[in-house]
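These notes are about the structure you will find just below.
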Amino acid sequence: MQVIKRTVLKQKPEKGTALGFGKYFTDYMFTMKYTKEQGWHDAKIQPNEPVRFDLATTIFHYAQGIFEGMKAFLQPDGSIGVFRPDQNWARMNRSAERMCIPQFPVELAQEGLEQLLKLEKDWIPREAGTALYIRPTIVATRVMLGVHASTEYLFFIILSPVGSYYAHGLEPTRLLVEDFYVRSAIGGTGEAKCLGNYAASMKAGEEAEAKGFDQVLWLDAQEKKYVEEVGSMNMFFVIGNEVVTPELVGSILPGITRKSCIQVLKEKGYRVSERRISIGEVISACENGTLKEAFGTGTAAVISPVGLIRYKGTDYTIHGGKMGDITKLLYDTVTGIQNGTLSDPYGWVKKIEG
Ligand SMILES: *Cc1c(COP(=O)(O)O)cnc(C)c1O
């Protein structure tokens, strides 16, 4: 693979800097292009610098684009570990299918990612709770107005050293149950990690933030009755001795952290149900004391405890606003496997010898 080097490297954030999320970017990126005639071609690693686009490029007008989120961690043996990349590539091709984007060759994307990570190994932060976030993206690059699937695309991977997703770290989050706006309906694009989903969710997100909430808890579009997910996390509730997560009905993003948590919990003997769960059931469980814990799962936030939800003007505190035992167990297990401090019985961490 062609590697175009830069003459001057960027200043890395100093040790101890609060990295936040998505603020710093590494020196290089992986790119490849697609045209109808050539298919995917011109795979290379090049300096991560601003790129010029004609303003009539499809992506700017019709948001025909998709993305992924993964994390890489420095392993105790000195190698680089990436959490379940095969799952992300498979989901990215499913998102591509939904958005009329041509399937990309997974082996080439993985090879590009591995070469990029080897080159950028020094950017992987080491402090607890940090990681190198990986953002693969495909955008439609044909220069033409008119609502049609593009015939040209750019695939790129950029890297960002990150700390915790929420400004308050592992403090339990406050969620506002949204009963007006909708994120996604069955038959829509909620199942795909496509760009437009996030633009569509911003209005509700901004309004929730203005009221002091971290994120919105979305309900189903049809009845505004069933819990779906949070903007970038899947939801779990511990009710009595059952761990419940909304079933993937077609409007919910099929999270890889979600899937991993279900597997860990089942292995540890918990009763896990993927089923529809109404907001009414959550609220009554809260009122009668059977709602023990609630948490969100996602690559960016990992496992994030939920301390409070507001529904129709009433606040419901969960587990005294503190992180619960199952949430903690999952956080420790998943991050332990990712960091290589726990064994990896499922083979989830793909190791790259740097
Ligand atoms: C990415 C994302 C998630 C989490 O998925 P992971 O694979 O666990 O990172 C959940 N919900 C939405 C809407 C997302 O975009």
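Laboratory data are not the source of any read-out in this text; all were calculated from the coordinates shown. A quick note: this is a predicted structure, and the numbers were derived from the prediction, not measured. As a convention, Cβ positions derive from the backbone with ideal geometry for all residues, glycine included, and neighbour counts pool all protein chains shown.
Quick notes
- For the stretch 233-354, the residue among Thr299, Ser251, Gly340 whose Cα projects farthest onto the positive side of the dipole built from Cβ charges is Ser251.
- Nearest-20 debye value, the chain charge dipole, Cβ charges on Lys, Arg, Asp, Glu: 340 debye
- Legend: calculated FRET efficiency, Glu206 to Asp77, from the Cβ-Cβ distance at R0 = 35 Å, rounded to 0.05, equals 0.20.
- Net +/- balance of residues flanking Val106 in space, Cβ distance below 15 Å, scoring K and R +1, D and E -1: -2
- For the residue pairs Lys193/Lys259; Lys121/Lys351; Lys203/Lys312; Lys33/Lys351; Lys193/Lys328, the C-alpha atoms sit more than 22 angstrom apart in Lys33/Lys351; Lys193/Lys328.
- Each 5 Å bin from 0 upward holds the following percent of the Cα-Cα pairs of the stretch 217-305: 3, 14, 27, 27, 19, 9, 1, 0.
- Rounded to the nearest 20 debye, the dipole size of the stretch 130-194 about its Cα centre is 160 debye, using +1 on the Cβ of Lys and Arg and -1 on the Cβ of Asp and Glu.
- Placing +1 on the Cβ of every Lys and Arg and -1 on the Cβ of every Asp and Glu, with no other charges, gives the stretch 184-233 a dipole of roughly 80 debye about its Cα centre.
- Here is the list for the stretch 157-253: trypsin sites (Lys or Arg not before Pro) lying in DSSP coil, each with at most 12 other C-beta atoms within 10 angstrom of its C-beta, are Lys211.
- Kirkwood estimate for the stretch 130-210, i.e. one over the average of 1/r between Cα atoms, Å: 16.2 Å
- The distance between label points at Asp344 and Ser273 comes to 3.5 nm (points 7 Å beyond Cα on the Cα→Cβ vector).
- The label point for Glu49 and the one for Lys351, both projected 7 Å from the Cα toward the Cβ, are 3.7 nm apart.
- The GNM of the chain, with springs linking C-alpha atoms under 10 angstrom apart, assigns the highest mean-square fluctuation among Met144, Met29, Met92 to Met144.
- Length added when fully stretched, Glu287-Ala199, from 0.36 nm per residue minus Cα-Cα: 28.2 nm
- Sparse-neighbour loop sites [trypsin sites (Lys or Arg not before Pro); the stretch 242-292; at most 16 other C-beta within 10 Å; DSSP]: Lys268, Arg275, Arg276
- Distant-in-sequence amide contacts of Ile318, defined by a placed amide H-H separation under 5 Å and a gap of 5 or more residues or a different chain, comprise Leu308, Ile309.
- For Thr141, Thr7, the sequence from fewest to most other C-beta atoms within 10 Å is Thr7, Thr141.
- Reduced Cα scattering model of the chain, Debye log10 I(q)/I(0), q = 0.12, 0.15 Å⁻¹: -0.92, -1.38
- Counting every pair of alpha carbons in the stretch 65-148, the share spaced more than 22 Å apart comes to 35 percent.
- Peptides 36-44, 227-235, ordered by how many other C-beta atoms sit within 10 Å of their residues on average, highest first, read 227-235, 36-44.
- Spatial separation of Cα centroids for the stretch 221-290 and the stretch 91-115, in angstrom: 29 Å
- Relative contact order of the stretch 12-134, defined on C-alpha pairs under 8 angstrom at six or more residues apart (%): 27 percent
- For the stretch 1-98, the percent of C-alpha pairs falling in each 5 Å distance bin, counted from 0 to the bin holding the largest distance, reads 2, 8, 11, 18, 25, 18, 11, 5, 2, 0.
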